[in-house]
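Reading through the structure tokens given below for one structure.
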Amino acid sequence: MSSRWINATITNTAAAPVDKMTADTIPKTRKYLIVHNPSATASLAITLDGTTPVVNSNGITLFSGGTWVSDQYTMNGTLSMISSAASSSATIYWR
């Protein structure tokens with residue numbers, strides 16, 4: 001199984017994260033996932049099943065500087081993200 005770090009721009013419109021440099025995406029099936037929010041001000045929301053994330057409502061919300069790790073379960077679904085700001089970044093590792 002391959003693995004990869006990506007650095008994605010996350011906007012205030014929900015979408016699957018895409019690497020800024022290579023346009024790589026996250027596969028629908030993954031065993032390990034790290035999502036880091038490097039923003040000093042923006043929050044990010046994440047869903048793992050393709051539903052629309054909403055900050056502080058639907059999915060997992062990462063506040064500024066937050067990191068979320070899932071290393072126990074195989075996740076089968078589209079990763080979708082949204083930012084509370086017009087544009088911010090996310091650093092994501094998957095395996």
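The values are calculated or read from the model by the stated rules, or taken from the named source; none is laboratory data. Since the structure is predicted, the reported quantities are computational estimates derived from the model, not experimental observations. Ideal geometry is used to build each Cβ from the backbone, glycine not excepted, and the neighbour counts take in all protein chains shown. SASA here: full protein model, heavy atoms, side chains in, ligands and nucleic acids out. Shrake-Rupley method; radii C 1.70, N 1.55, O 1.52, S 1.80 Å.
Among the residues of the range 18-36, is there at least one that is at positive phi and in contact with a Pro (Cβ under 6 Å, 6 or more places away or on another chain)? Among the residues of the range 18-36, not one is at positive phi and in contact with a Pro (Cβ under 6 Å, 6 or more places away or on another chain), which makes the answer no. Of all residues in the range 56-75, those satisfying the criterion of being open to solvent by less than 70 Å² (accessible area, probe 1.4 Å), touching a residue at least 24 places away in the same chain (Cβ under 8 Å) and of a type in the set (S, T, N, Q) are SER64, SER70. Within the range 31-46, the set of residues being open to solvent by less than 20 Å² (accessible area, probe 1.4 Å) and at pLDDT below 95 comprises just one member, LEU33.
When the residues of the range 34-48 are filtered to those that are polar (S, T, N, Q) and outside any strand (DSSP E or B), the one that is nearest to SER84 (Cα to Cα) is SER43. For the range 16-30, the set of residues classified as open to solvent by less than 60 Å² (accessible area, probe 1.4 Å), assigned to a loop (DSSP other than H, G, I, E, B) and not small (Gly, Ala, Ser) consists of PRO17, ASP24, ILE26, PRO27, listed by residue number.
Of all the listed residues (THR13, THR51, THR91, THR78), the sole one being outside any loop (DSSP other than H, G, I, E, B) and either of a type in the set (A, V, I, L, M, F, W, C) or in contact (Cβ under 8 Å) with a residue 24 or more places away in the chain (or both) is THR91.
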